[in-house]
Amino acid sequence: MHGDEVLGRELLLQLSEFLCEEFQNQNQRIMRLIQETRIHILPSMNPDGYEAAATQGPNMPEYLVGRNNANKVDLNRNFPDLNIYFYYNEKHGGPNHHLPLPDNWESQVEPETKAVIHWMRSFNFVLSANLHGGAVVANYPYDKSPGHRFRNPYRTTNSPTPDDKLFRKLAKVYSYAHGWMHQGWNCGDYFPDGITNGASWYSLSKGMQDFNYLHTNCFEITLELSCNKFPRQEELQREWLGNREALIQFLEQVHQGIKGMVLDENHHNLTGAVISVHGINHDVTAGERGDYFRLLLPGTYTVTATAPGFDPQTENVIVHPGRPTLVNFYLKRSIAPVNPLRKAPGGGQGGRMQAQLRITKKKDGARKQPHRGPG
């Protein structure tokens, strides 16, 4: 995301090669991961910034060269600020998920940001991470505190999401599988367990991980991977070995929770159906083919699927560690109550009207293969 923070770029290129080689070597763990997971890898969101930083090299007299793009914009401060709508809704009643974009959002963001947002909306992503440098810690949302506009943005204020326990688990999976992140003392800072809530560290506005959580089905964390933003080539092997297992374990976390289909009585897909978990005020939606995936920690949950024009369906489900629980929903069309004053087509009274269902095809689409979670 930041062109001068180059370790993430190198690690993702190495990860791609590692996955291909181990698949060819018939590594059963990697074969299972690739066969059961749609993995999308973007090594660099800011190639212009990287070129500027690479020209200067590891002996960087100007520390922030390459952080911004060619238009001198920090891409991790460039996403539409949906937090302000969320905090308003929190006070006055309203959702904290799938918040709509402003009408003129495309004119307000950089080309790189626009491309990434279209990418996010093209797939029903489930889990993601964006990679940075300058610290060694796994950072989870929210990044922005409620009082960001009115107080010093660097004042630490914990700002948890409704999925705080899950996000903490995802961050700990990475930090404890990492060679040294979990130790906490890194780069002169101390983070217990090697993790932190973003706003508890410092408040950040218009960042990508909050945007993902508030606009899409995707749960994202931010990984700060090195004290040195531009490590030398001879340091890369140590960094790869320190991050390799953590990267693989993080990809595997997509396979926990519940998954399935939301269909009507005729087995037609209910695109955009809403899946709610009792006690967790953050919903996910079914994709274009009616498929959904909801990350959850092991435990027992009450889950409800709803769609306009259909009666809701509620199921009690048990989530086991290490694999998702299959929960399919079959919704029955709602029948509108009889209006005794409305005349039937033949001139009589008591005609029954059936509610109509109109489903608008969502722009963000769905995974091409049901039940497979992207990493």
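Residues of region 221-233 include at least one that is without any contact (Cβ under 8 Å) to a residue 40 or more places away in the chain and over 16 Å from residue 158 (Cβ atoms).
Here is a yes/no grid of residues against (1) without any contact (Cβ under 8 Å) to a residue 40 or more places away in the chain; (2) surrounded by 20 or more Cβ atoms within 10 Å (Cβ to Cβ); (3) assigned by TED's automatic domain parsing to the domain that holds residue 161:
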position: 268; (1), (2), (3): yes, no, no
position: 271; (1), (2), (3): no, yes, no
position: 277; (1), (2), (3): yes, yes, no
position: 301; (1), (2), (3): no, yes, no
position: 307; (1), (2), (3): no, yes, no
position: 310; (1), (2), (3): no, yes, no
position: 322; (1), (2), (3): no, no, no
position: 325; (1), (2), (3): no, no, no
position: 330; (1), (2), (3): no, no, no
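Any chance you could count how many residues in region 32-55 are surrounded by 15 or more Cβ atoms within 10 Å (Cβ to Cβ) and free of Cβ contacts under 8 Å to residues at least 40 places away in the same chain? Matching residues across region 32-55 total 2. Checked against (1) assigned by TED's automatic domain parsing to the domain that holds residue 332; (2) under 27 Å from residue 163 (Cα atoms); (3) touching a residue at least 60 places away in the same chain (Cβ under 8 Å), residue 264 meets all criteria but (2). In summary, residue 204 fulfils each of the numbered conditions (1) more than 21 Å from residue 89 (Cβ to Cβ); (2) crowded, with 18+ Cβ neighbours inside 10 Å with the single exception of condition (1).
A single entry from 260, 287 fulfils the requirement of being surrounded by 20 or more Cβ atoms within 10 Å (Cβ to Cβ), out of contact with any Gly (no Cβ under 6 Å at 6 or more places or on another chain) and at pLDDT below 95: 287. When the criteria are applied in full, residue 220 fails the requirement of being touching a Gly at 6+ places or on another chain (Cβ under 8 Å), assigned to a strand (DSSP E or B), among the acidic types (Asp, Glu) and closer than 29 Å to residue 30 by Cα. Looking only at region 163-189, residues that are at pLDDT below 95 and either in a strand (DSSP E or B) or within 20 Å of the chain's Cα centre (by Cα) (or both) come to 3 in all. Within region 96-109, residues that are at positive phi reach partners that are β-branched (Val, Ile, Thr) and not in a helix (DSSP H, G or I) with beta carbons closer than 8 Å, at six or more positions or on different chains, in the pairs 98/216; 98/285.
The values are calculated or read from the model by the stated rules, or taken from the named source; none is laboratory data. Owing to the predicted nature of the structure, the values given are computational and were not obtained by experimental measurement. Neighbour counts are summed over all protein chains in view; Cβ atoms, including those assigned to glycine, are modelled from backbone coordinates with ideal geometry.
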